[in-house]
C-alpha cells in the first residue's frame, strides 16, 4: 500500500492545502493511505478523517520538541511542544503512536539528530523527504537507519497539493489495510521508502505565494 505519512494542511499555518483537497489529490495519485501531520495541531487530521471514503487517514501530528521535530504517527491528541525529545517520545508512545523522526539531519528545518543523541528510542526515520536541494541529509538518515536497523520512511512533507506523494512509504500490511495494520507494519519494519525530490521551481512558487503575495486560504473551522 502506498502511504504518504507527512502532509501539511492549512491548519499547520505554513501550508495551503485543504484537507478535503489533500484526500482528492492523494486518491488521484493512487495512494491508499495518508497522514496529515500538521505542526503541533490535530485539527487537519481530524477534519480529513471525518470525510470517510476509501482513503485510510492515519492520525498524526508533527511536534516541535525542544531539540527538533518528531512525528507522532498514530496520535490523535495534542502533545505539547517544547518538551524534551525523550519526554516527547514517551508521550507519543503513551498515546499509542509511533515516534518517527522527519528530516532528521536537516539543520535549518529543526532536524532532531542535529542536536541530540542518535540512540533515542524512536520507531523510524525519514530517509526520503521530498523537500531537499542536494539530498545529503536524506543520505545521512539512510546511513543511520542501516546502522540502527530502524524502519525507513518516505514522505512528501507536502505544503501544497502538487507535491503530495513525491516521496512516500510502501507498507506491507499483510492484508490488514487499516490504521492499526499500517502502524504495525511500520513498527515491524515492513516498509520501504520511495520517491523523488519536489521540484525546486514549485517550492519557489509557493514561497512567492506565501511570503510575498500572502496567499493563505481560510481554514474551515
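The residue that is nearest to the chain's Cα centre (by Cα), counting only those in the range 125-150 that are surrounded by fewer than 24 Cβ atoms within 10 Å (Cβ to Cβ) and not in a helix (DSSP H, G or I), is 131. Residue count for the range 94-124 satisfying the condition of being crowded, with 22+ Cβ neighbours inside 10 Å and not in a loop (DSSP other than H, G, I, E, B): 7. For the range 106-123, a residue qualifies if it is at pLDDT below 90 and closer than 22 Å to residue 158 by Cα, and the qualifying residues are 107, 108, 109.
Being free of Cβ contacts under 8 Å to residues at least 24 places away in the same chain and either more than 18 Å from residue 64 (Cβ to Cβ) or touching a helix residue (DSSP H, G or I) at 6+ places or on another chain (Cβ under 6 Å) (or both) is the filter here; which residues of the range 108-137 pass it? Reasoning before the result, please.
Within the range 108-137, the subset free of Cβ contacts under 8 Å to residues at least 24 places away in the same chain is 108, 117, 134.
117, 134 - these are the residues of the range 108-137 that are free of Cβ contacts under 8 Å to residues at least 24 places away in the same chain and either more than 18 Å from residue 64 (Cβ to Cβ) or touching a helix residue (DSSP H, G or I) at 6+ places or on another chain (Cβ under 6 Å) (or both).
A search for C-beta distances below 7 Å between a residue of the range 173-187 that is assigned to a loop (DSSP other than H, G, I, E, B) and any residue that is surrounded by 20 or more Cβ atoms within 10 Å (Cβ to Cβ), counting only pairs 6+ apart in sequence or on different chains, returns 173/182; 173/185. Here residue 174 clears all of (1) modelled with pLDDT of 95 or more; (2) touching a helix residue (DSSP H, G or I) at 6+ places or on another chain (Cβ under 8 Å); (3) crowded, with 20+ Cβ neighbours inside 10 Å except the condition numbered (3).
The values are calculated or read from the model by the stated rules, or taken from the named source; none is laboratory data. Only a predicted model underlies this, so the values are computations on that prediction, with no experimental measurement involved. With ideal geometry, Cβ positions are generated from the backbone for all residues, glycine too; neighbour counts draw on all protein chains shown.
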